[in-house]
Amino acid sequence: MVSRSRKLHAHRPIGDYALIGSTHSAALVHLGGDIEWLCLPRFDSAAMFASLLGDQRNGHWTLRAKNPRARVTRRYLPGTVVLETTIHTAKGTATVTDFMPRPGPGGTHEVVRIVRGVRGTVAMHTELRIRFNYGEWCPWVERRDGAVYATAGPDAVRVNSGVPLVNENFASFADFSVSAGQSIAFCLEWFPSHQTPPVTRDASALLARTVAEWSEWTGRSGYQGEFREPVMRSLLTLKALTYEPTGGIVAAPSTSLPELPGGERNWDYRFCWLRDAALTLYALLASGYVEEASAWRWWLMRAVGGSPEELQVMYGLHGERSLTELELGWLPGYEGSRPVRIGNGAHGQRQLDVYGSVIAAFHAGRKAGLSEMDKVWPLERAIAKQLMVLWKEPDCSLWEVRGEPRHFVHSKMMCWLAFDRMIASATEFGLEGPIDQWRAVRDEIHAEVCARGYDAASNSFVQYYGADTVDAALLWMPLIGFLPIHDPRVQGTIARIEKELIFNGLVYRYRTEKGVDGLEGGEGAFLACSFWLSNVYVAMGKLRKARALFKRLLALGNDLGLFAEEYDPVGKRQLGNFPQAFSHIGLVNSAHALESAAGGVWELADLDGKASEKKPVKPKPKPMPRSRTPRR
């Protein structure tokens, strides 16, 4: 059994997994019926099922047909992240419904799996191996009151099963059959080991409530365009990646899924990147989800409160600042991709672009009519004051290079954006601030980038001052209004990106073989970059080309419409942490850009690069439809 499991892990594509979640945590469920990744009670908690990064001995929960030739299909119940897998055999048909309800009283967190007979009789098999601390700890297991309890350190789990489970060889398993009209429920409940076990909740009632809550949230969407299905799936994914207690949004629910199998580019993404969250705000506001956008605004205020001059690129779910990076030596990694990392050392890097991302997001929230934006203004002013000095420093760029810090052109552009949007907020909404100083710094940055970040010989901007290469992040230049889309220098930059960074029709971030990031090996095409190129084509008026690229990107998602961070066009597989917020943000914003055919979410009406040069007006927030968090 162990050798078979290892073989499966060596060949299971990342795109074969599905996401289920509770807006507190999430699990990854394989097409074959295995939950191979589960962290409770939070996204960033130590996994109790970690076979995704090892083998079955590191923890998993299998629920599948005994017949290995059974045909399996799956879908999400419409408008939800409730997964329904249908199993077809010669003798019958059954469904497995997997979901994670909102936590119950006392901090109980559950994973529920319901098997229903549809036709005939289907022989089934289930097996649980609970291994706390990322597959390292084998728990103490006992049976009480018909349930199986597993305990190790601070963690305790109770498993209620509709069929008797046998405990053997450090696992719990059962063979059973389900017939038409029959329903068998399994429920895994996590609770702190020092507390009394919670009262078990009814699985069918939890399913009905969870479906109703997700459906209500979906029904509040303001997007009704041509691409509604992929847009809503992306929005649901972003919602599922939101940590509800604080409003923080994790970049992905996983760690160490590789950018290239067997390589070292394996990172922990279970934290809140300011850049990702700021772009999510655009996607949420454009799609009518005002309350979620507002919740992120308050999360950021708390995270950076008291020390905006020390703005980090990422924080923990509650705004934690120390995200120490460690390596887990006992896990062999996905397809041998080592090291397996938890924590992320990039939290201590200087990445200047986040300043522009945050300030621009606040400006967008102000324009959208978010309430109480005046409370954010002192924070913005403090950030701008710090940036007046910092913008001249080298940094590690949005790509979080682990090589030498440099003067990355995209980072400087985003510093320009910060001051440009500060001026815009002040002049458009009558806010106080040293506008003349901001304007002087903004213009100084613009002049320096055009002088030092531009290569006349190739008629293009470059990755960093003095570089002979380009970077896909330069596609943001016309999208944020730094230069007009038809400026010859912008056109030259786009042409060079098309020539040097597009392979098999997809955009790569930069040329990794140049060694700028200080890491060995290569990576796949970065999906968000291809969505940016689609936006650029929209801005250029090349709508047919933009639509063709966008539709090609849609086809790269898995059967459920989920996207990882990267894609290998040669191996035809998804790569990197999964599902990836950055990819889904790109999809949503590109869909809006195509729908409007006017440039999308980065204020392309300001292509003259003077977004802030407008007459002052009194603050008049636009009324927005009331948005309420569903009661679950």
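A short reminder: the numbers here are calculations on the coordinates, not readings from a lab. Please read all numbers here as calculations on a predicted model, not as lab measurements. With ideal geometry, Cβ positions are generated from the backbone for all residues, glycine too; neighbour counts draw on all protein chains shown.
Could you list which residues have their amide H under 5 Å from that of D455, counting only those 5 or more apart in sequence or on another chain, with H placed in the peptide plane?
Those lying under 5 Å, H to H, from D455 are S460, F461, V462.
Sorted from largest down, give the three principal axis spans of the alpha carbons of the stretch 539-592, whole angstrom values.
33, 23, 18
As a quick test, which of the pairs K392/K545; K412/K551; K551/K572; K239/K392 have an alpha carbon distance above 27 angstrom in this structure?
Check vs 27 Å cut-off fails for K392/K545; K412/K551; K239/K392.
For helix 527-539, what angle does its Cα long axis make with the longest principal axis of the chain, in degrees from 0 to 90 and rounded to 10?
Helix 527-539 sits at roughly 40 degrees to that axis.
List, largest first, the extents of the alpha carbons of the stretch 27-116 along their principal axes, each in whole Å.
Between the extreme Cα coordinates on each principal axis of the stretch 27-116 lie 43, 32, 19 Å.
Test of the criteria: in the stretch 403-471, which GluC sites (Glu not before Pro) are in a DSSP loop and have at most 16 other Cβ atoms within 10 angstrom of their Cβ?
Sites meeting the loop and neighbour criteria: E432.
For G59, list long-range residues whose amide hydrogen, built 1.01 Å from N in the peptide plane, is under 5 Å from its own amide hydrogen.
A50, S51
By how many degrees, 0 to 90 and rounded to 10, does the Cα axis of helix 2-11 deviate from the longest principal axis of the chain?
Here the helix axis deviates by roughly 30 degrees.
Among the trypsin sites (Lys or Arg not before Pro) in the stretch 414-497, which ones are in a DSSP loop with at most 13 other Cβ atoms within 10 Å of the Cβ? Mind listing them?
none
As a test of the formula, what do you get for the chain when each DSSP H run with n ≥ 4 contributes -39,500 (n - 2.57) and the sum is divided by the residue count, at 222 nm and rounded to the nearest 500 deg cm²/dmol? Working shown, then result.
Working: 15 runs with 199 residues, N = 632.
Calculated at 222 nm, the ellipticity per residue is -10000 deg cm²/dmol.
Can you give me the angle between helix 581-596 and the longest principal axis of the chain, using Cα atoms only, in degrees from 0 to 90, rounded to the nearest 10?
Approximately 60 degrees, to the nearest ten.
Given N residues in the chain, what is Rg(Cα) / (2.2 N^0.38 Å)?
Taking the Cα Rg and dividing by 2.2 N^0.38 Å, one obtains 0.97.
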